[in-house]
Structure formats: structure tokens, C-alpha cells
Amino acid sequence: MHVPVPPHREGGTSFPSPHDIPAGHHAKPAIDCEGAETRDMAYGLVRVLNDDDEAVGDWDPGLDAETLRQALEHMVRIRAYDDRMMKMQRQGRLSFYMKCLGEEAVSVGAAMAMENRDIVIPSYRQQGLLFVRGRSMVDMISHCITNSNDNVKGRQMPVHYSWKEGNFVSISSPVGTQFPQAVGAAMAFAYRGEDSIACSWLGEGTSAQGDFHYGLNFASVYRAPCVLVVVNNQWAISTHRNLAHGGPSFAARGIPYDVASMRVDGQDFLAVYAAHKWATERARAGHGPTLLEMYTYRGDSHSSSDDPSIYRPGNEYDSWPLGDPVDRLKAHLMKLGEWDDERHAALEEQCTKEIIAAYKEAETHGTLKDGPFPSVSTLFEDVYEKEPWHLLEQRGEVGI
Amino acid sequence: MAQMSIIQAVNSALHNMFERDETVVSFGEDAGYYGGVFRCTAGLQEKFGKHRAFDTPLAEGGIMGIAIGMGMNGLRPVAEIQFADYIFPGFDQITNELAKLRYRSGGEYSAPVTIRTPCGGGIKGGHYHSQSPEAYFTHTPGLKVVICSNPYDAKGLLISSIECNDPVIFFEPKRLYNGPFDGDHTAAMVKWDSHPKGEVPEEYYSIPLGKAETIREGNDVTILCYGTMVHVASAAVENNGIDAEIIDLRTLVPLDIDAIEDSVRKTGRCVIVHEAPRTSGFGAELMSLVQERCFWHLEGPIQRVTGWDTPYPHSLEWDYFPSQARIIEAVQATMEE
């Protein structure tokens, strides 16, 4: 019996095969093209930034320097936030944390290409969406501490954000369930004749779930205005991507469903933005769904609970042939003469300061060690719209 | 007042709700053009359009997934699962997603989804067209669980379920679709025409969730039942001259505990009847509640009459299906000094 193994494990030296597809290789199809016309991109790689840090080709979204600086600022802030939060977790001030190192462009590019009215149903590594949509860091941190200011009332583990005001749907831990839900949310927009869309993310490991296929199939059948994203960060905890499927590409899964599909360099902000812009416009115009594979790398552990050094090579991220999203956008801006090392260092320092201040403010609403936590009374709320007798009775047993 | 079967009553409820609320949509396998394998959604697509009543791919997990997405984005979906036996591919979406959405989002998100599904046996359906899986769902906080036993209730309860902002699983006992069934499979089929509960207004009305109905008053023993067993228990009592009080629970979650307590305190005896297997069946919950709340009023041990702890059989269906005779035995057992 054949059981695939990763190309390298811990102690090894890993240089994953780089994609030799150059930036600018793929032409951008019309937004009303047939799904099958995207086949080359499903097996290829949409890239904009070349090795000389220049934006090239049909997919160059032509963003101005101010927008690029905004994107860089979001990514730097997310990275600083993640670093701080993981530090706090190590100090015991958070119960759990998940960083998105290496994947910052995946969510920032998506959010900047969409409107805030578009519903996003993410997995647990798209915190970037919240930054772009402008959620308060104090509220985000309060959720992660599960203090009295946690809008989900301390009911979920950290990073399971919910923010209805920003059309960011509550994250659930079961992986993949969000795909058919996003299709349903998209169908509701279409039903009302609105041109908003739904967008959802899952990891390449999760693409093995039935929900991934339900989502693609239902999206295809009803031509739902949605963008479905597989974040291929190569690793599902310790499970290498080659155990998630037997094929060469996750984007290629969309082609037999007649869903427009493409693989995108997830380290290239411009490519991520351009692909989402295309897919979003296609969905808005009623031409149906798109499957995007974000080809990226999980730069750190799965979560605060695992140690990647015991299951994969330690140098893999440094050796990642497609580089780091912050480094690449920074280099591009510098090439344009719109950024420099001093400004970058100042930005990093400013972000760290903001986060330390936000953390301090969040802790005024309670700390993990001492609270205050959401009141015990909230334990029985929101199970139903109104508490039925059996919950009222159980509430009575607790004495609240 | 019209005479309706449960199928027609369900259909009438859907027509009423489609007219009243344009956020109500209905979908499922064969539930669009064809109107459902049991015809419960007949005429909806023709009258309201295929965007409101539509067919789906054969994937219960996908059906549940899109229902949740629609529900969280302003619609009021009524999803049909063709047979309750096939609900399990959607189990994760129902129990981990739909049931918990309001709670886990701190009340920010919810999805007012109604899941309609035919349940129960008595139709020679073998183990994949006869199951009664209600206990899996009563065990999941966040879901409401409803089961009808006649056309009048079917319509009123379904309308309340659709209007409910919490997710509801609405079980339709398929043996009762076309007529009441007293458990005697050798007797000729009876239709709803001659039954008082077959009289159903064409107009909108609702029956509140969480309210049981005492369908027969009596003094010696309380029989708690729902779905098809309401009719089997009624016939057993009538045919044997027992002074029993019969309660059709109608809603399992939230349960009408007052009706149960009042009756058992009066009669001092309790028999619980359901089709589903015994171990961890909903009867176990009912027994616990009666014991906890009425112990000092009980004059005999509480009895259960249920399906056996086997898969639902095909050729031996009538050895599995709770019979009038077994109900009488249980009544006698609880009456013994």
C-alpha cells in the first residue's frame, strides 16, 4: 500500500521545488470566461512581482503607492500583533494563539480587493481581514483574553473572532464547514438581486473534507457569487500537503466542477489582490464562483500548542522560493522609490507601540488570570433566542 | 374548513408562509420541480418561481451548509431532508454549526433554519427509510425538535417552526402522511378524511412550540407519546377500556413539562411510548424528568415501550414496531401493586 511522505522532515534540509513560472506569465482572462478557460492558471501560478521586485504582466493591478503602503502597513501591523500575542501566550496571559506568519498577504490582499459589505467566512488564520476592515485591536485582544469585553462572551477559544459589523462571520473550529455556508450566503445575495459576494477560506489539508467538495459543487450548480479560497500553506499541523490530495494542484480541483480556478503566489500581495479583484468582479457581475489556491507557507507553528521542529525542517520558511510577503512588498515599494528602511523601521516601532497600548487597554477589561470574565449569567444566554424553562431552571441551580 | 392529509397540511403551511414572507425559501432533493417524493412541496415552484422552491444536488451536508449560509444572510430557509435516515451527512453542519451559531458568536449571528424530514416506520422501509433519530437532536443545545401527529398540528406547528428564530428540526411521521395508523397493519388504510384533526383551515394559523396536547383525559395512567405512537396508544386504550390520559408531546425541545407533571401527579402512573430504540432514547429523558419531579406521586414504576435496540428491520417490522399489545402490557405492569 502506498502512503505518501513529505519530501523532508525535521533535521533535513528542505528546498521545496520552486515554481519556475515567471511573473507575468499568465494572461488575465475576461471576467465572464468559461471555467475551463482558467485551466492553465489552475496548474500554473499567477504572479505579478518579478525577481527584480517589479510589477509585470497582465495581472498587475496598477495600484498607486499610497495603496501599496497601506497594504504594507496592514501586514506589518498583523505581524507585530501576532508576535506580541504569541509572546503573551508564552507568558500565560493568553490560553492559546495562532499566528499567520507568511500568510499576511493572503488576507490583506483579499480584504482590500473586496468591499466591507461582502460577507467573509474565514478559517482561523485570516486575522488580516479584521485589520483591513478596521476592527479595534482592543476588542480583538479582549476576545483572545476572553475578558468582560469579549463580544463572544468568552465562549470560544482565542482567535475565533466574530464581528458582524464588519460582516466577518463567527469562526468555528470544525474545518471546512464554512465553504457551503459561504455558498448559501452568496445565494442569499443573488436571491435578493444584490451584488455583494461571499468569500471563504480553508486550508489545503481541509480540502480533503466533504464540505470542500459540497461547497464547490453547490457554487457551480447555482453559479453562486462567491470566492472560495484554499490557503495552501503546505502543512496541516504535521501533515504535509501531499497527504491532502494526490494531484499537483489544489486549484485544479475546481476545473472539473467548471469553476474558474487559479493558483496564486500567496507571497505576492499584488497577485493576491489582483486575483481577488478579478474573482470578486466576476461574482458581482453574475458570472459565478472562483476557486483560488493561495500558494504560501505557514511560517510558524500551527498554533501555540505544537512544535514544528519535531516534524519539519527548521529552515523551510527561510528557503521558501517565493519569499516573504512583507519583504517582497517592501522591496517593490523601495524599487519604486516610495519606501525606505528608516520608514519601515519606524512603522514597525509604531505598530509595536500601538499593540502594547491596545493590550494594556484590553487588560483594563480583565486579564486571563484574574478576570473579570463575562458574567456567569451569560452562560445560559444565546443558546436560544429566549431561554426555555429547562435553561431557566438550570440557571436557578447555579443561583443566577 | 378543508379536509387535508399531513402532506397537504405541510404543503398548505408552506404556501401560506411563502405568501406572507418573501424571505422564506424551500429546497431539497427532488423538492423543487417534482414537489418532493412525498409531494409536500408540490406547486411551490410553479406558483412562486424556481428561486424560491428549488432542487438541490444529492448532498445533505451541502444542503445544511447552504441553509445555514442563507439563514445567516437574511433568508428563512426550509430545507427538506428526503428521509430522516439520510440526515447524518448533515449532522456536523446541524449540531456543530447551526445549533451553536448564536451561542458561539455571542448572539451576533443566527440562522432561522427549519429542517423538515419524514421519519419513522410502518411503511416497509427497512432500516434506511424508517428511523426515528430525534434523540440525537434533542441532545444538542440550540436546536428545537418538533414532531407532528396529525394534519391540523402539522400545519400550525410548521408555521411556528418557520417563524421561529431558532433552528428547528421538524419531523413528519411518514406512516401518518395519508392517514392515522393504529398499529394494526392488517387493517385497511384509513384516510384523514374522517378524522377531526384532518380538518385544516386553508388560512394561516399557528400552534405554539413547546405546548403538548392532552388528546384524551383519564385518571389511571398517563401515556406520554408523539408521532405515530399517539394513534397506536389511543387505539390501545380505547380497545381495552383503560382510563388513560394521553399526552401528545408535539415538541420535544422545549418540552411541555407542566402538562407532563400535572397529568402524572393526577394519575400517579406513567407509560412512555416511542418508535426509536430504547437505549438513550428520548424516553430515557422523559423517565428521568418524571422520576425527578413526580416521584412522590408515583404509584408504580414508570414503563417504556420502544423500538428494540436493533437496526430497524424489514421483514420483521411488526415485531419491532411498538404494538397496541405491548402498550397494554406496559400499562398493566405499571398498574400492578
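The values are calculated or read from the model by the stated rules, or taken from the named source; none is laboratory data. Predicted model only: the values in this text are computed from it and were never measured. Here Cβ is always computed from backbone atoms with ideal geometry, including for glycine, and neighbour counts include all displayed protein chains.
Annotations
- Pick from the stretch B:134-187, criterion more than 19 Å from B:Leu14 (Cα to Cα) and of a type in the set (Phe, Trp, Tyr), ranking: farthest from the other protein chains (Cβ to nearest Cβ): B:Phe181
- Listed by first and then second residue, the pairs linking a residue in the stretch A:377-391 that is more than 7 Å from chain B (Cβ to nearest Cβ) to a residue that is surrounded by fewer than 16 Cβ atoms within 10 Å (Cβ to Cβ), with Cβ atoms under 6 Å apart and 6 or more places separating them unless they lie on different chains, are A:Ser377/A:Ile400.
- For the stretch B:202-242, the set of residues classified as free of Cβ contacts under 8 Å to residues at least 24 places away in the same chain and within 13 Å of the chain's Cα centre (by Cα) is empty.
A quick yes/no check of all residues on (1) surrounded by fewer than 18 Cβ atoms within 10 Å (Cβ to Cβ); (2) touching a Gly at 6+ places or on another chain (Cβ under 7 Å); (3) touching a residue at least 12 places away in the same chain (Cβ under 8 Å):
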position: A:Phe250; (1), (2), (3): no, no, yes
position: A:Glu281; (1), (2), (3): yes, no, yes
position: A:Gly288; (1), (2), (3): no, no, yes
position: A:Arg298; (1), (2), (3): no, yes, yes
position: A:Ser305; (1), (2), (3): yes, no, yes
position: A:Ile310; (1), (2), (3): yes, no, yes
position: A:Arg328; (1), (2), (3): no, no, yes
position: A:Leu336; (1), (2), (3): yes, no, yes
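- Per the listing A:Val138, A:Val120, the residue uniquely under 26 Å from B:Gly74 (Cα atoms) and more than 11 Å from every other protein chain (Cβ to nearest Cβ) is A:Val120.
- Unique match (being within 30 Å of B:Cys164 (Cβ to Cβ) and either in a strand (DSSP E or B) or not assigned by TED's automatic domain parsing to the domain that holds B:Asp220 (or both)) among B:Glu285, B:Glu261, B:Glu275: B:Glu275
- Filtering the stretch B:57-75 to residues that are surrounded by fewer than 22 Cβ atoms within 10 Å (Cβ to Cβ) and more than 7 Å from chain A (Cβ to nearest Cβ) leaves only B:Leu58.
- Just one residue in the set B:Tyr128, B:Tyr109 is over 23 Å from the mean Cα position of the chain (by Cα), surrounded by fewer than 24 Cβ atoms within 10 Å (Cβ to Cβ) and of a type in the set (Phe, Trp, Tyr); that residue is B:Tyr109.
- Residue, nearest to B:Ala154 (Cα to Cα), within the stretch B:86-98, restricted to residues that are more than 9 Å from chain A (Cβ to nearest Cβ) and buried (at least 22 other Cβ atoms within 10 Å of the Cβ): B:Ile87
- With respect to (1) part of a loop (DSSP other than H, G, I, E, B); (2) without any contact (Cβ under 8 Å) to a residue 24 or more places away in the chain, the lone exception for B:Glu292 is condition (1).
- The set of residues from the stretch B:18-45 being in a helix (DSSP H, G or I) and under 21 Å from A:Ala190 (Cβ atoms) comprises B:Phe18, B:Leu44, B:Gln45.
- Residue in the stretch B:216-235 that is in the same structural domain as B:Tyr109 (by TED's automatic domain parsing) and touching a Ser or Thr at 6+ places or on another chain (Cβ under 6 Å) present: no
One line per residue, one yes/no per condition, for (1) free of Cβ contacts under 8 Å to residues at least 60 places away in the same chain; (2) outside any loop (DSSP other than H, G, I, E, B); (3) within 19 Å of A:Arg263 (Cβ to Cβ):
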| site | (1), (2), (3) |
| --- | --- |
| A:Asp53 | no, no, no |
| A:Trp59 | no, no, yes |
| A:Glu66 | yes, yes, no |
| A:Ser95 | no, no, no |
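- Qualifying residue in the stretch B:101-109 (condition: out of contact with any Ser or Thr (no Cβ under 8 Å at 6 or more places or on another chain), touching a residue at least 24 places away in the same chain (Cβ under 8 Å) and of a type outside the set (S, T, N, Q)): yes
So that you can scan it fast, the table gives a plain yes or no per residue for (1) closer than 30 Å to A:Ser303 by Cα; (2) among the hydrophobic types (A, V, I, L, M, F, W, C):
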| position | (1), (2) |
| --- | --- |
| A:Met1 | no, yes |
| A:Pro4 | yes, no |
| A:Glu10 | yes, no |
| A:Ala23 | no, yes |
| A:Asp51 | no, no |
| A:Glu66 | no, no |
| A:Arg77 | yes, no |
| A:Arg84 | yes, no |
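- Breaking point among (1) assigned to a loop (DSSP other than H, G, I, E, B); (2) farther than 21 Å from A:Ser172 by Cβ, for A:Glu73: (1)
- Residue under evaluation A:Leu368, criteria (1) within 14 Å of chain B (Cβ to nearest Cβ); (2) in contact with a Ser or Thr (Cβ under 8 Å, 6 or more places away or on another chain), criterion not met: (1)
- Taking the criterion of being more than 8 Å from chain B (Cβ to nearest Cβ) and assigned to a helix (DSSP H, G or I), the residues of the stretch A:166-189 that qualify are A:Gly166, A:Gln178.
- Residue in the stretch A:211-225 that is under 29 Å from A:Leu63 (Cβ atoms) and touching an Asp or Glu at 6+ places or on another chain (Cβ under 6 Å) present: no
- Answer residue from the stretch B:243-275, given it is without any contact (Cβ under 8 Å) to a residue 40 or more places away in the chain and among the hydrophobic types (A, V, I, L, M, F, W, C) and is surrounded by the most Cβ atoms within 10 Å (Cβ to Cβ) among those: B:Ile246
- Residue that is under 21 Å from B:Thr138 (Cβ atoms) and surrounded by fewer than 24 Cβ atoms within 10 Å (Cβ to Cβ), where the choices are B:Ile223, B:Ile207: B:Ile207
- Residue count for the stretch B:24-56, restricted to those that are within 14 Å of chain A (Cβ to nearest Cβ) and farther than 20 Å from A:Ala224 by Cα: 1
- Within the stretch A:133-158, the residues that satisfy the criterion of being surrounded by 22 or more Cβ atoms within 10 Å (Cβ to Cβ) and aliphatic (A, V, I, L, M) are A:Met140, A:Ile141, A:Ile145, A:Val152.
- Applying the set (1) touching a strand residue (DSSP E or B) at 6+ places or on another chain (Cβ under 8 Å); (2) of a type in the set (S, T, N, Q); (3) surrounded by fewer than 19 Cβ atoms within 10 Å (Cβ to Cβ) to A:Asn242 leaves exactly one unmet item: (1).
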